[in-house]
There are 2 protein chains.
Amino acid sequence: MKFEILARDGAARAGRLTTAHGVVDTPVFMPVGTHGTVKGLAPDDLHAAGAQLVLANTYHLFLKPGHELVRELGGLHRFMSWEGAILTDSGGFQVFSLSKLRRITDAGAEFRSPVDGSTHFLSPEIAVEVQRALGADIIHPLDECLAYPATRETTERSLELTLRWAARSKAAHVERAAAGQAMFGIVQGGTDAALRTRAAHATVELGFDGYAIGGLAVGEPKPLMYELTALVASLLPASQPRYLMGVGKPEDLVESVARGVDMFDCVLPTRNARNGQAFTADGPVTLKQARYARDGAPLDADCPCYACRGFSRAYLRHLFMSGELLAYRLLTLHNVTFFLGLMRAMRAAIVEGVFGAFQARFVSRYAVSVADDPGGPRTP
Amino acid sequence: MKFEILARDGAARAGRLTTAHGVVDTPVFMPVGTHGTVKGLAPDDLHAAGAQLVLANTYHLFLKPGHELVRELGGLHRFMSWEGAILTDSGGFQVFSLSKLRRITDAGAEFRSPVDGSTHFLSPEIAVEVQRALGADIIHPLDECLAYPATRETTERSLELTLRWAARSKAAHVERAAAGQAMFGIVQGGTDAALRTRAAHATVELGFDGYAIGGLAVGEPKPLMYELTALVASLLPASQPRYLMGVGKPEDLVESVARGVDMFDCVLPTRNARNGQAFTADGPVTLKQARYARDGAPLDADCPCYACRGFSRAYLRHLFMSGELLAYRLLTLHNVTFFLGLMRAMRAAIVEGVFGAFQARFVSRYAVSVADDPGGPRTP
């Protein structure tokens with residue numbers, strides 16, 4: 001994996017990540033493909049939306065259909081018929097947020113599957129092996145992701161476990177690295193600046209191909225999230241990609257790019273689409289509102305997506321209110337197109353050296369019009 | 001509307017229906033777009049599958065979002081962004097199968113909406129007006145569709161009502177015919193050959209652009225359905241299109257084309273897709289069966305659809321078992337492609353004068369492999 005920075009504007013960077021499955025322009029937003037599919041979209045939709053990199057969840061694929069089955073069928077790219085790049089998280093976040101009766105020891109995490117109640121075990125070594133079987137382009141070490149808030153003592157103990165697991169993950173990865181597979185480190189440390197600093201230094205010392213900032217967007221105040229993002233980004237190697245996990249809303253993407261983040265993932269565009277919410281440059285459109293019932297305009301007149309080229313808000317509302325499957329595909333396609341278009345616009349602004357002006361314009365048009373908060377904290 | 005017969009082979013006919021929204025090659029299968037969308041598919045999918053004509057349900061659109069709203073937004077073609085032809089049924093079948101507390105008089109049908117319990121009234125004149133507002137290329141008169149079995153007395157009384165309504169519908173249509181809008185008559189008469197004969201003669205006497213055979217595929221034995229279809233088809237004008245409503249399974253399509261039917265609609269390919277069943281030349285594939293869990297082959301190696309070009313049975317099964325939206329789109333796309341491909345193959349066989357051989361080959365490959373019946377009687 002190669003990462004080149006093509007332009008900087010303040011802390012913001014425009015770059016190019018070259019993976020075993022194509023080039024990824026950064027800053028990049030990764031649509032979330034939990035079960036080996038970005039909910040509601042086919043690979044052709046993802047291509048049309050401009051996606052170059054999608055996220056898949058190790059935890060979910062480990063439980064269903066199982067990494068061995070995916071390996072047997074040629075790996076995740078072939079399984080889901082996606083020729084672009086894939087990043088997998090380590091499963092840590094889901095073990096801590098979704099599983100019942102989990103038991104954490106230094107050895108790893110034992111947990112019950114929410115699918116069928118069966119007991120499973122993920123160690124740092126197993127998580128690497130699972131991700132190797134899936135064949136993702138970018139993988140992650142098993143980490144512990146704390147709920148917010150947590151005491152300093154808990155956070156410190158958790159961070160040390162994450163660091164020990166990171167060292168073992170790196171060793172397992174180096175020992176049997178799959179061709180073309182890169183590994184990012186994950187910086188934890190809760191909401192304590194000193195612990196975040198220690199986490200960043202210690203993770204960088206282990207040496208990874210890029211760095212993820214984990215454990216944010218879990219309910220902490222927004223200013224604190226921005227502050228910690230800026231702090232950690234400033235402590236990471238300038239020449240390597242930085243990934244803020246589970247973020248976020250359009251305004252969060254802009255604010256975080258301004259603080260030096262290159263990569264993002266979030267269920268927001270896909271999940272909110274299924275709830276009838278479309279993102280537009282003028283803020284979110286909530287289709288269940290009666291005011292769209294006779295609205296012949298597209299969701300976003302400037303949007304190039306299939307949903308905006310062919311269909312009115314009135315029709316999309318009708319589909320959504322009727323529970324029609326097409327509503328979910330079209331709204332998801334639109335939202336993913338919107339998020340990827342926002343990233344493209346940010347890249348262009350950085351290259352042109354006008355990111356500050358872009359940010360101000362975005363806030364005045366989009367963020368101001370966000371009367372209702374379009375989404376809650378990160379969900380697994 | 002123009003209908004030309006290009007070739008005959010026995011009672012089977014290959015033709016070309018020219019509508020205000022393009023040419024339709026017959027025999028044709030119409031995917032069902034109940035709420036102004038063929039469940040799971042977008043117009044681009046329908047084009048890719050080769051659809052030229054889709055059915056929309058007057059009853060459903062009358063209740064939601066309402067025909068006036070559709071008219072205001074430019075008609076149904078524009079509303080659903082479908083440039084091909086549209087046929088609407090009259091709502092009769094649904095009034096009798098879906099509505100509660102219906103009250104039928106000579107004036108029309110009063111019924112309660114299953115959506116919100118509100119009371120509605122459809123008369124022959126209102127049904128024509130609703131279909132005019134929708135702007136379908138082919139419309140139908142309000143009819144009474146009896147449940148099977150019915151006594152001869154009930155059937156006779158019902159048939160006379162349908163005939164009186166047909167005359168009023170025709171008058172309403174002629175009085176204010178929308179440009180390019182054709183009206184088919186519906187032949188009812190239950191399972192009584194004499195009543196079917198009377199219905200066919202009386203309906204033809206009223207004079208329509210084509211003729212639908214209604215009230216079959218409602219639970220009667222298959223041989224009886226085939227027999228009545230052959231009888232009614234033989235009594236209809238040779239130069240006009242014949243449409244067998246709500247039929248059917250692949251084997252029914254072949255048998256009915258052999259008896260002189262030109263047009264069909266059925267929810268089978270779309271509904272069964274949502275239940276995880278794919279139609280193939282070797283019979284249906286039920287994806288929930290464990291034997292497909294590691295099956296790397298496509299649903300149908302000969303199928304040109306996107307689902308078969310990109311994805312394995314194992315992946316489609318994984319999507320279906322995970323409740324992923326993409327399963328419904330891909331399976332529906334495949335099934336509709338299969339049904340339309342079957343019609344195309346029948347047209348070619350008729351043109352080449354080898355329909356008998358085609359029919360025998362189809363039965364020996366498809367019908368013999370249908371171990372489990374892939375669907376029940378027609379559902380609304």
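Of note:
- Residue check for A:T229: in contact with an Asp or Glu (Cβ under 9 Å, 6 or more places away or on another chain), without any contact (Cβ under 8 Å) to a residue 40 or more places away in the chain, over 30 Å from A:G323 (Cα atoms) and β-branched (V, I, T): yes
- Breaking point among (1) more than 21 Å from A:L330 (Cα to Cα); (2) surrounded by 19 or more Cβ atoms within 10 Å (Cβ to Cβ); (3) at pLDDT 95 or above, for A:E4: (2)
- Test: residue in region B:214-234 that is under 16 Å from the mean Cα position of the chain (by Cα), under 22 Å from B:L17 (Cα atoms) and either at pLDDT 95 or above or β-branched (V, I, T) (or both): yes
- Where strands (runs of 3 or more DSSP E) sit wholly within region B:38-105, those with at least 1 residues that are within 17 Å of B:Y243 (Cβ to Cβ) and touching a helix residue (DSSP H, G or I) at 6+ places or on another chain (Cβ under 7 Å) occupy B:53-56, B:85-88.
- As a summary of the residue check, A:A281 satisfies the conditions (1) open to solvent by 10 Å² or more (accessible area, probe 1.4 Å); (2) out of contact with any strand residue (DSSP E or B) (no Cβ under 9 Å at 6 or more places or on another chain); (3) touching a residue at least 60 places away in the same chain (Cβ under 8 Å); (4) not in a loop (DSSP other than H, G, I, E, B) except for the one numbered (4).
- Members of region A:323-332 found to be in contact (Cβ under 8 Å) with a residue 24 or more places away in the chain and either open to solvent by less than 10 Å² (accessible area, probe 1.4 Å) or more than 11 Å from chain B (Cβ to nearest Cβ) (or both), listed by number: A:A327, A:L330, A:L331, A:T332
- Cβ pairs under 8 Å, 6+ apart, first in region B:307-319 and more than 7 Å from chain A (Cβ to nearest Cβ), second of a type in the set (D, E, K, R) and assigned to a loop (DSSP other than H, G, I, E, B): B:C308/B:D300; B:R313/B:D295; B:R317/B:K288; B:R317/B:D295
- Any hit, region B:94-103, residues being surrounded by 18 or more Cβ atoms within 10 Å (Cβ to Cβ), at pLDDT 95 or above and among the aliphatic types (A, V, I, L, M): no
- Just one of the listed residues (B:L46, B:L73, B:L69) is within 12 Å of another protein chain (Cβ to nearest Cβ), within 28 Å of B:A345 (Cβ to Cβ) and open to solvent by less than 30 Å² (accessible area, probe 1.4 Å), namely B:L46.
- Residue within region B:15-31 that is within 10 Å of another protein chain (Cβ to nearest Cβ) and either surrounded by 24 or more Cβ atoms within 10 Å (Cβ to Cβ) or among the acidic types (D, E) (or both) present: no
- Output for region B:267-277, where each listed residue is open to solvent by 10 Å² or more (accessible area, probe 1.4 Å) and within 14 Å of the chain's Cα centre (by Cα): B:V267, B:R271
- One residue from A:F93, A:F121 being in contact with a Gly (Cβ under 8 Å, 6 or more places away or on another chain), more than 13 Å from every other protein chain (Cβ to nearest Cβ), free of Cβ contacts under 8 Å to residues at least 24 places away in the same chain and not hydroxyl-bearing (S, T, Y): A:F121
Here is a yes/no grid of residues against (1) open to solvent by 10 Å² or more (accessible area, probe 1.4 Å); (2) without any contact (Cβ under 8 Å) to a residue 24 or more places away in the chain; (3) within 13 Å of chain A (Cβ to nearest Cβ):
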site	(1), (2), (3)
B:V38	no, no, yes
B:G50	yes, no, no
B:H77	yes, no, yes
B:L87	no, no, no
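- Of the criteria (1) within 14 Å of another protein chain (Cβ to nearest Cβ); (2) out of contact with any helix residue (DSSP H, G or I) (no Cβ under 7 Å at 6 or more places or on another chain), which one A:R274 fails: (2)
- Yes/no for B:D302 being charged (D, E, K, R), outside any helix (DSSP H, G or I), more than 7 Å from chain A (Cβ to nearest Cβ) and touching a helix residue (DSSP H, G or I) at 6+ places or on another chain (Cβ under 6 Å): no
- The residues on offer are B:F339, B:F320, B:F264, and the sole one that is outside any helix (DSSP H, G or I), buried (at least 22 other Cβ atoms within 10 Å of the Cβ) and aromatic (F, W, Y) is B:F264.
- Pick from region A:114-130, criterion assigned to a loop (DSSP other than H, G, I, E, B) and open to solvent by 50 Å² or more (accessible area, probe 1.4 Å), ranking: modelled with the highest pLDDT: A:D116
- Hey, B:V54 out of contact with any Ser or Thr (no Cβ under 8 Å at 6 or more places or on another chain), within 14 Å of chain A (Cβ to nearest Cβ) and without any contact (Cβ under 8 Å) to a residue 60 or more places away in the chain or not: yes
- Criterion applied to A:F62, A:F111 was being crowded, with 17+ Cβ neighbours inside 10 Å and either touching a residue at least 24 places away in the same chain (Cβ under 8 Å) or among the aliphatic types (A, V, I, L, M) (or both), and the one residue passing it is A:F62.
- Verdict on B:T154 being modelled with pLDDT of 95 or more and either over 21 Å from the mean Cα position of the chain (by Cα) or among the aliphatic types (A, V, I, L, M) (or both): yes
- In region B:180-221, the residues that are polar (S, T, N, Q) and more than 16 Å from B:E160 (Cα to Cα): B:Q181
The values are calculated or read from the model by the stated rules, or taken from the named source; none is laboratory data. Everything numeric here is computed off the predicted structure, so don't read it as measured data. Heads up, the Cβs are rebuilt from the backbone with ideal geometry, glycines too, and the neighbour counts pull from every protein chain shown. Accessible surface areas use protein heavy atoms only, side chains included; no ligands, DNA or RNA. Shrake-Rupley method; radii C 1.70, N 1.55, O 1.52, S 1.80 Å.
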